[in-house]
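Remarks on the structure that follows.
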There are 4 protein chains.
Amino acid sequence: MKGFAMMGIGKTAWIEKDKPAISPIDALVEPLALAPCTSDVHTVWGGALGDRKNLILGHEGVGKVVEVGSLVKDFKKGDKVLIPAITPDWNSVEAQEGFGQHSGGMLSGWKFSNFKDGVFGELFHVNDADGNMALLPDGMDLATACMLSDMVPTGMLGVEMADVRFGDTVCVIGIGPVGLMAVASAAIRGASDLFAVGSRPDCVRVAKEFGATEIVNYKNGDIVKQVLELTKGQGVNRVVIAGGDNDTFDQAVKMLKPGGKIGNINYLGEGDYIKIPRVDWGLGMGHKQIIGGLMMGGRLRMEQYARLWKAGRIKPGLMVTHTLNGFEKVEDSLLMMKDKAPDLIKPVVIL
Amino acid sequence: MKGFAMMGIGKTAWIEKDKPAISPIDALVEPLALAPCTSDVHTVWGGALGDRKNLILGHEGVGKVVEVGSLVKDFKKGDKVLIPAITPDWNSVEAQEGFGQHSGGMLSGWKFSNFKDGVFGELFHVNDADGNMALLPDGMDLATACMLSDMVPTGMLGVEMADVRFGDTVCVIGIGPVGLMAVASAAIRGASDLFAVGSRPDCVRVAKEFGATEIVNYKNGDIVKQVLELTKGQGVNRVVIAGGDNDTFDQAVKMLKPGGKIGNINYLGEGDYIKIPRVDWGLGMGHKQIIGGLMMGGRLRMEQYARLWKAGRIKPGLMVTHTLNGFEKVEDSLLMMKDKAPDLIKPVVIL
Amino acid sequence: MKGFAMMGIGKTAWIEKDKPAISPIDALVEPLALAPCTSDVHTVWGGALGDRKNLILGHEGVGKVVEVGSLVKDFKKGDKVLIPAITPDWNSVEAQEGFGQHSGGMLSGWKFSNFKDGVFGELFHVNDADGNMALLPDGMDLATACMLSDMVPTGMLGVEMADVRFGDTVCVIGIGPVGLMAVASAAIRGASDLFAVGSRPDCVRVAKEFGATEIVNYKNGDIVKQVLELTKGQGVNRVVIAGGDNDTFDQAVKMLKPGGKIGNINYLGEGDYIKIPRVDWGLGMGHKQIIGGLMMGGRLRMEQYARLWKAGRIKPGLMVTHTLNGFEKVEDSLLMMKDKAPDLIKPVVIL
Amino acid sequence: MKGFAMMGIGKTAWIEKDKPAISPIDALVEPLALAPCTSDVHTVWGGALGDRKNLILGHEGVGKVVEVGSLVKDFKKGDKVLIPAITPDWNSVEAQEGFGQHSGGMLSGWKFSNFKDGVFGELFHVNDADGNMALLPDGMDLATACMLSDMVPTGMLGVEMADVRFGDTVCVIGIGPVGLMAVASAAIRGASDLFAVGSRPDCVRVAKEFGATEIVNYKNGDIVKQVLELTKGQGVNRVVIAGGDNDTFDQAVKMLKPGGKIGNINYLGEGDYIKIPRVDWGLGMGHKQIIGGLMMGGRLRMEQYARLWKAGRIKPGLMVTHTLNGFEKVEDSLLMMKDKAPDLIKPVVIL
């Protein structure tokens, strides 16, 4: 079978591989639509995960079941399925503790295009099929379905980690697709004032549609100062970091009230240390909680987010600015993600 | 000063009283708008709190500060203020534990029209003014402001106690004003499928505007059966009880999944026991959590809910179906609440 | 192979069965020690789970691995292993939501002696071996190991559901083995005053060793009255129900403060309704939370509780009052549990 | 009245001041016993809070009520009372949100020897007496009572922020008095393996008495390496930081499992940034939560910790290594704290 792969840091190619073998609890799936992710760009051109050879890329997509193992109970050949980017080993002690995404070690629930071939192949392997797939709901378009793999759960996670409550003032830093989904998630978890930090017009437009009450543009000056002005010097209750770099934490702590919480969903690709400003962090006593995490993965959350879409609470499809057609366009889509044109939020490839 | 009072069980009258005295931490307030509550009806005609003589009724309203005690820091004469129905003693051990509404004993944070004169007077007393008032936000209409006293916080509490999360299926039983606010609250705390149990057309209309995805009408048969059908036999994740009686808990437990939670905000006026069905409660092992509570009260929550209104997340004003003018109309408004015409959700009296 | 089985309600017998078949993720285990549980008594003589024919009994034990499926990673033939009474399907949506004990339906994570043969056989089957077994720690005696199957996790659960915090006053109603473990658990989760309701001298002695500060004996009068006296009329912050019947909830609610929590771990075998007293429950607004649950099951918790034993925090072995020798003594041990002699807490059979 | 005061950075003196004035909700208290705190040392010789002139020092002590304001309900002249170091404004919005210690701004619930005169005076002022004092329990010695002001609540907070659960492996870094109380608190909140990082023999002895299962001495090499060896490379579930400096967070993150939590109770006196190691923090996705806070303060917690002492769960008196007699010895006691002799844990001055 054919797949679009990383050949080494900075190098990609189409390669041929054998059809993946499945164990009795796994499934083999054929993609119906695929989407590239900024992490794919980090992986290939940034070498963020270290070197990888002949590794098929991709972890966002929707597909059709081609084969299931003998112990798989709830899926069968022909089923159309949602696939999360993270596919935990659900019987691990980590998953039993609520952290399946770290089953087998930190971040090791992330298998696609990391420890095994990703979804940019003519076929791909899903470990623990009953635990890691969900039926594609009637009426869901394939572009939306692709957004459920990673963008939706990651945005939701940011808001869950920041623990947004009724009436909280919230700042989402970064409004690429993951930040946009954090905006949408904050709006349906009780945020009142919802500040979105960003500048690209298309992102700004979608942020407003998703519930942002104010856009904070760093081109207009220090974002901390702007947020403090908007809150009359009080700061916000919650911050979701969905962009920037290690120094963004300095800003986040500074715009946060005592008792506030920061949820990071930004992949931090460089540098040795995240820097927490001592004085603004209350000399260690300011009750400003900091956490960053990887999306949960697994079937339950796919089903939950699909229900949210069905009930009309989230509209992730609005983020898809570009649609390509044909498996071979996966390569183009990844380059689009790398080059990030001003009008791009998220491309999708329909097969 | 004049006030509309309970003279005994089943009896009301306009009475004259002295202007309330305030301590150094209290305030004296003149009402700008008032609203009657079903609890006032229970209090007078149901005798639910026991007998009361010459007690001015009412706990929903918005007003203007007439006088403040010497230790009050954040409010001054002339300020327009939101007033919560529940006004805790914030330095009590109960409040320090997170249960100000029970400061001084179970339900004792509820003072208006219970332990002291309510808001249906030409003036009323607010204990711990800094802790129990909030500035009326610019642009908020008085009808909406009245809804913030009790309807909004009680609806929010139901959803907080039921602990609604992203993608949860939720059933709200009862769509009077408190149930409607529970519907609105569930929709902005992550509910996906949101079933509202009710039948009156105006309530149904507002429930849909507030985010209900399905109306369950008891006139169409057993509501448990209907909810189980809507969820393909699975039951819902969360139930908010905002109407019915002691037997409603039987229904709630039956339509709830294992691991689910029930939040009760219905004032249970009669009967000896709430009945929990043993088998459906998993023989005591089904992990179906049950809790009922009184709204929190206090300034912080007034400010939080005001921010939610300002951000456009909630529109409690849509529940106000009838507006009356003039202080003396308080009596009519209470009778309207008692008689509950088919087209009534909530009346408000503008002074 | 031989097993001690339920032949129908009220009837037991030794039977012959084929060796259980295992799937690629399961294991086959030979018991090293076994213990009967009051639930076995309920199952056989009370018919609590409905009728069962030729079903091998037992869900408490420790064993040696005889065979593992091809996908089992962490265990091999010859390993000595702890076995929880509850063995969830870890990839189920219920387990992903944190309720593996209800995987496949309410209480369906409970498989031994319920949906499949229990541990009172010469061999027994463990589903999802990697997820549901834990290595027997060096130095742990077999009697203690048996207590880890059910008594320890159930006692711990009661305290977790009641959410005991630093300085809480706690009442544990019932001090059979599960209640005793709740006492021990409350003492290491921050309880201050810890009232244990019971009367049998041996149980009272162990309750004190486990950290009870006061024994409340129902033979000395109404336990609610006694608890209120001990707390100067305040009531307790937390109640764990580990004995009694449906009416015990009435007592628990009455001795509980507003804002308090009740965790039930008592198997409720009879009656239609659990009765919650309306007035003491604050007319539905008293913030008295009620939950009852089944132990979690699975490997993680076995490992956690084993660590607690190793660190000397819990001493479940103190509950073992009677030790029998030889597989065939399983029958006697069950009858001892049925007859419950005054000096019996828990018997164990060493093979 | 006389008081022992800070006259400027690095300078102390005995001064005369007027008797403090009290408002209707406050109390005036005469000390019965006092204790110096390392923070007093930071304040005077480190200038950690900035310069202060003629400010009476001290925030740990127990006293007798001399006078109460007219609105104080629960205390009267002559009552012996526990006094927390932190005395929030309980009706503030911050306190209503659960963060009274930050009422009026970050850390502003800390008033003694910060914004107003401390307890090292012949008399001292307690704001909001009903909310911030608790009766000295019968039988409690004065040394223990002093430990309840700050050492006990701060240690407890560390463990609450780290959210220690049944069976968690826990590392407490630093075993001065606050770290020792964190050890004691972890042991009664469910910790299994409990590593205490320290070296002074007296502290080590008390750490073991308080429940530490292993002492990690930095003199024996890198503490991260030691903890990883003790946990077979797994790391711990929870870390409480009670000593060290900004770099200690680097160590804490490195010894922590994904999904783990860090609670900081160390006053961070120097440096610009706390450094979080990017890779060990999972590139921002490792689910390693970091929080640092100031003790809660207030009456409820004093009562809770007093109950824990009465029930024999904590023995803070064991930390008092030196007892002095006479008010004027407050000066010596502070110098002892500054010089920290090898055998000193905590001195107390009995008046």
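The values are calculated or read from the model by the stated rules, or taken from the named source; none is laboratory data. Computed from a prediction, not measured in an experiment: that's the story for all the values here. Cβ placement follows ideal geometry from the backbone for every residue including glycine, while neighbour counts extend to all protein chains displayed. Only protein heavy atoms, including side chains, enter the accessible area calculation; ligands, DNA and RNA are left aside. Shrake-Rupley method; radii C 1.70, N 1.55, O 1.52, S 1.80 Å.
Structure notes:
- Three-way shape label, the protein assembly as shown, alpha-carbon gyration tensor, a/c 1.5: rounded
- Share of carbon and sulfur in the accessible heavy-atom surface of the stretch B:153-286 [1.4 Å probe, %]: 45
- Label points for residue C:326 are taken 7 Å from Cα along Cα→Cβ. From this copy to the others they lie 7.9, 8.1, 9.8 nm apart, shortest first.
- Partner aspartates and glutamates for residue A:73 [C-alpha distance under 13 Å; skip if fewer than 8 residues away on the same chain]: A:26, A:128, A:130, C:89
- Label distances, nm, residue A:13 versus same residue in remaining copies, Cβ-directed 7 Å point: 7.1, 8.3, 9.9
- Positive-end residue, chain C charge dipole about Cα centroid, Cβ charges, pick of C:107, C:95, C:285: C:285
- Both chains summed, the buried accessible area for A and D stands near 4000 Å², from protein heavy atoms and a 1.4 Å probe.
- Rounded to whole Hz, the Karplus (6.51, -1.76, 1.60) HN-Hα couplings of the stretch B:230-238, x for glycine and proline: 4, 10, 6, x, 6, x, 9, 7, 9
- Near the amide H of residue C:60, within less than 5 Å, lie the amide hydrogens of C:35, C:119, all on another chain or at least 5 residues away, with H placed in the peptide plane.
- In the structure shown, the pairs B:80/B:315; B:77/B:315; C:208/C:340 are assessed against 25 Å; a Cα-Cα span above that value is assigned to B:77/B:315.
- Choice from B:50, B:69, B:155 showing the highest fluctuation, given a GNM over chain B with Cα pairs closer than 10 Å: B:50
- Residues whose placed amide H lies under 5 Å from that of residue A:14, excluding near-sequence neighbours: A:5
- Of C:46, C:293, C:118, the one that fluctuates the most in a GNM where chain C has Cα springs shorter than 10 Å: C:46
- Distance between the stretch A:154-198 and the stretch C:149-197 - C-alpha centres, whole angstrom: 39
- Within-11-Å neighbourhood charge of residue C:102 [Cβ basis; K, R +1; D, E -1]: -1
- Here chain D is assigned +1 on the Cβ of each Lys and Arg and -1 on the Cβ of each Asp and Glu. Its dipole about the Cα centre then comes out at about 640 debye.
- The relative contact order of the stretch D:1-70, computed from alpha carbon pairs under 8 Å that lie at least 6 residues apart in sequence, is 45 percent.
- Prolate/oblate/rounded label for the stretch C:180-239 (Cα gyration tensor, a/c 1.5): oblate
- Computed from backbone phi with θ = phi - 60° and the Karplus coefficients 6.51, -1.76 and 1.60, the 3J(HN,Hα) list for the stretch D:11-20 is 10, 10, 6, 7, 10, 9, 9, 6, 4, x Hz; x is used for glycine and proline.
- Computed [θ] at 222 nm, deg cm²/dmol, chain B (DSSP H ≥ 4; -39,500 (n - 2.57); rounded to nearest 500): -6500 deg cm²/dmol
- Surrounding net charge for residue C:93, when Lys and Arg each add one and Asp and Glu each subtract one, Cβ distance under 15 Å: -1
- Shielding score for C:319-328, defined as the mean number of other chain Cβ atoms within 10 Å: 0
- Ordering C:266, C:322, C:305 by Cα displacement along the dipole of the stretch C:244-349 toward the positive end leaves C:305 in first place; charges were set at the Cβ atoms of Lys, Arg (+1) and Asp, Glu (-1).
- For the stretch B:65-112, the set of trypsin sites (Lys or Arg not before Pro) satisfying both a DSSP loop assignment and a count of at most 11 other C-beta atoms within 10 Å is given as B:76, B:77.
- Tensor-based shape of the stretch B:17-80 (alpha-carbon gyration tensor, a/c under 1.5 rounded, otherwise prolate or oblate): prolate
- Using a 7 Å Cα-to-Cβ projection, residue D:1 label spacings across copies, nm, ascending: 3.9, 7.7, 8.0
- Evaluating 6.51 cos²θ - 1.76 cosθ + 1.60 at θ = phi - 60° for every residue in the stretch C:205-221, the Karplus couplings come out as 4, 5, 4, 5, 4, 7, x, 4, 9, 8, 9, 10, 9, 5, 5, 8, x Hz, glycine and proline recorded as x.
- Electrostatic dipole magnitude of the protein assembly as shown [Cβ: Lys, Arg +1; Asp, Glu -1; Cα centre; debye, to 20]: 0
- The residues neighbouring residue D:194, those whose beta-carbon lies less than 11 Å from its own, together hold a net charge of +2 under the Lys/Arg +1, Asp/Glu -1 convention.
- Where only alpha carbons of the stretch D:173-276 are counted, the Rg and the Dmax (Å): 12.7, 37
- Of interest is the spacing of the C-alpha centroids, which for the stretch A:227-299 and the stretch C:14-36 amounts to 52 Å.
- Positive-end extreme of charge dipole, chain A - chosen from A:295, A:186, A:41 (charges on Cβ): A:186
- Using a Gaussian network model of chain B in which every pair of alpha carbons under 10 angstrom is joined by a spring, one finds that among B:265, B:241, B:25 the greatest mean-square fluctuation is at B:25.
- When +1 charges are put on Lys and Arg Cβ atoms and -1 charges on Asp and Glu Cβ atoms, the dipole computed for the stretch B:115-197 relative to its Cα centre reaches about 260 debye.
- Residue of chain D with the Cβ closest to the rotation axis carrying D onto A, and that distance rounded to whole Å: D:290, 2.
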